[in-house]
1. If Thr139 meets every condition in (1) in contact with a Phe, Trp or Tyr (Cβ under 9 Å, 6 or more places away or on another chain); (2) in contact (Cβ under 8 Å) with a residue 60 or more places away in the chain apart from one, which number is that one?
2. Look through Ala91, Ala49, Ala30, Ala39 and report the one residue that is among the aliphatic types (A, V, I, L, M), crowded, with 18+ Cβ neighbours inside 10 Å and in contact (Cβ under 8 Å) with a residue 24 or more places away in the chain.
3. Could you count how many residues in region 10-27 are surrounded by fewer than 16 Cβ atoms within 10 Å (Cβ to Cβ), in a loop (DSSP other than H, G, I, E, B) and either touching a residue at least 24 places away in the same chain (Cβ under 8 Å) or charged (D, E, K, R) (or both)?
4. So in region 476-510, with the set limited to residues that are under 15 Å from Asp536 (Cα atoms) and in contact with a helix residue (DSSP H, G or I) (Cβ under 6 Å, 6 or more places away or on another chain), which one is surrounded by the fewest Cβ atoms within 10 Å (Cβ to Cβ)?
5. Read through the list (1) surrounded by 16 or more Cβ atoms within 10 Å (Cβ to Cβ); (2) more than 17 Å from Thr272 (Cβ to Cβ); (3) touching a residue at least 40 places away in the same chain (Cβ under 8 Å), then give the number of the only condition that Arg432 fails.
6. Restricting attention to region 52-66, which residues are part of a helix (DSSP H, G or I) and either modelled with pLDDT under 90 or hydrophobic (A, V, I, L, M, F, W, C) (or both)?
7. For region 101-157, which positions are assigned to a strand (DSSP E or B), closer than 20 Å to Thr74 by Cα and within 31 Å of the chain's Cα centre (by Cα)?
8. Restricting to region 513-525, what's the tally of residues that are free of Cβ contacts under 8 Å to residues at least 24 places away in the same chain and within 16 Å of Gln553 (Cβ to Cβ)?
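The values are calculated or read from the model by the stated rules, or taken from the named source; none is laboratory data. Just so we're clear, the structure is a prediction, and the values are computed from it rather than from any experiment. Quick reminder, even Gly has a Cβ in these numbers, built from the backbone with ideal geometry, and neighbours come from all protein chains shown.
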Amino acid sequence: MTRKTWVVHAPDRDRQAALVQALSISPITACVLLARGVATEQEARAWLAPGSLHDPFLLPDMETAVRRLHHAVTTGERVCFYGDYDVDGMAATSLYLSFFQGLGANATWYIPHRIGEGYGLNDKALRRLGQDGVTLLVTSDCGTTAHPQVEVATRSGIEVIITDHHQPDGRLPAALAVLNPHRTDSAYPFSGLCSGGLAYKVAQAYVAMFGAGDRALELMQDLVALATVADVVPLQDENRLLVRRGLELITRGSRCGLRALKRTAGVDRACTAGSVAFRLAPRLNAAGRMAQADLGVRLLTTESDLEARELAEQLERLNRERQRIELDTTSEAVEEVGSAEPPPALVLWSRHWHPGVIGIVAARLVERYHRPAVVIAVNEQGIGKGSARSVPGLDLFQAFGQCQSLLEGFGGHRAAAGLTIHESSLMAFRERFTRIVSDWAGEQPQVPTLHVDAEVSLVEVDRRLVRELAMLHPHGAGNPEPTLAVRNLAILDTRVVGEGHLKLTVRHRHSPAFESIGFRMGSLAGLGVLAQRPVDLAFVPELSSWNGLDRVQLRIRDVRASQVS
């Protein structure tokens, strides 16, 4: 396990006391809230019980978009919902399709093939849609920088409404409407919506102006939760409310496609953000990575249990194939990095790598080396499609902007981005990108950081605290699981169980003994820690049921030898 630098949050004691007094919560929960930037009673109440959504008309062009959609619905125009091939694009497309077909719209949908067509709008598809009678096209998760493609659509007789959350490149395409929370002229109070969230806001605005169809909008929040968690946007503000409600719908099995997907993924308990991120989303993403993403849209929109079961089983097979290819590619990439100290940035490419797994491989490299990673699959024509993942603090979109002269195209966010590059420019790109990252990092060693919300005593960690902290869910980007730390613990027992899981029994001063588990951490000796000496433990407290009783267990985030004076 890579050694981490702990950054322990030091709370403002006056604000902490005020939150404890106003909300009747523990000092630890108050400290966790303060660590998330929640400083006032009003903000804290919103985190503990989020309850309202923002006005969708604060997004620029919303009224224009909704009026144009209403005209298309009432006149029977052919409307196409055009999405990206990831979970966000699939879920947003499915939401649009379900909502507007429920209004009686003459609607179709299109998702490009990752390998055959690539990301976003493409000229051939737009011309073909125009020939098929489409006169209005609504994008999901693409289009913000598609200037020439929007012009092609216009020449093909198609008006375009863009719903996307990728960063603009300084100017907007000549579309009828561009709904993007990152627009500089936006009055919308929250910029963290994904495209599934934006699709929901469009439907919300439509209902406000023209009324609903035969499908309740609230029942589509499961699709928003799926998209929001899978796309790793901040679980803050209204995203928390949408995901909370959506997870309840997924748990209840309101949508037959998700019921089938849960069965194949082995999700048989309450669905959490973790269930979506690590069990459901990878299976849906396997469609876009290994085959055709329309499998995902068909699963999310079908009303047939039989079709849902067949599609879920097909996705399961694709996911297993994806896992095999991902493992082989990651091994090759690690071998290429070598055993020496890695450079400030990792830029790797091959003509043998599958473009459907390079984003996951880039994420694996970041986890392993704590370096920003760009992984590129080069095709037979010498064109590379790359996917990148960042480390905290480095804005990939801005960094790629400084490499623009070497790229055929790029887009994305601060933490994740994609690019297109010619094989002849790869070496120059590696040198320039590495220099940019090196200048950003400076002389500081690149080591992972573990943010600790509060330093506590184990006597404070009980079932009441765990249940109180559970009010802060859902957890994910922008709202991580609360991590606590205790110093100078005595180890009563240590062993390795299962597939390399570290099991410790610990005590802190006069506290009861606590069981703790560190998944895939191996032995204490392998971590360079002596069982006979005191240790510091960073952990997530959780309830574990055994023989009908709940007890507190500590899920280990990190363990280190105590610095005892």
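1. Just one mismatch for Thr139, condition (2).
2. Values: Ala49 fails: crowded, with 18+ Cβ neighbours inside 10 Å; Ala30 fails: in contact (Cβ under 8 Å) with a residue 24 or more places away in the chain; Ala39 fails: crowded, with 18+ Cβ neighbours inside 10 Å.
Residue meeting the stated conditions: Ala91.
3. Here the count works out to 1.
4. Applying the filter and picking the extreme gives His508.
5. It fails just one condition, (3).
6. Taking region 52-66 and keeping what is part of a helix (DSSP H, G or I), we get 56-58, 62-66.
Hits for region 52-66 are Phe57, Leu58, Met62, Ala65, Val66.
7. Ala107, Thr108, Trp109, Leu136, Leu137, Val138
8. Going residue by residue through region 513-525, those that are free of Cβ contacts under 8 Å to residues at least 24 places away in the same chain are 513, 520, 525.
The next check asks that each one be within 16 Å of Gln553 (Cβ to Cβ); those that pass are 513.
So the answer is 1.
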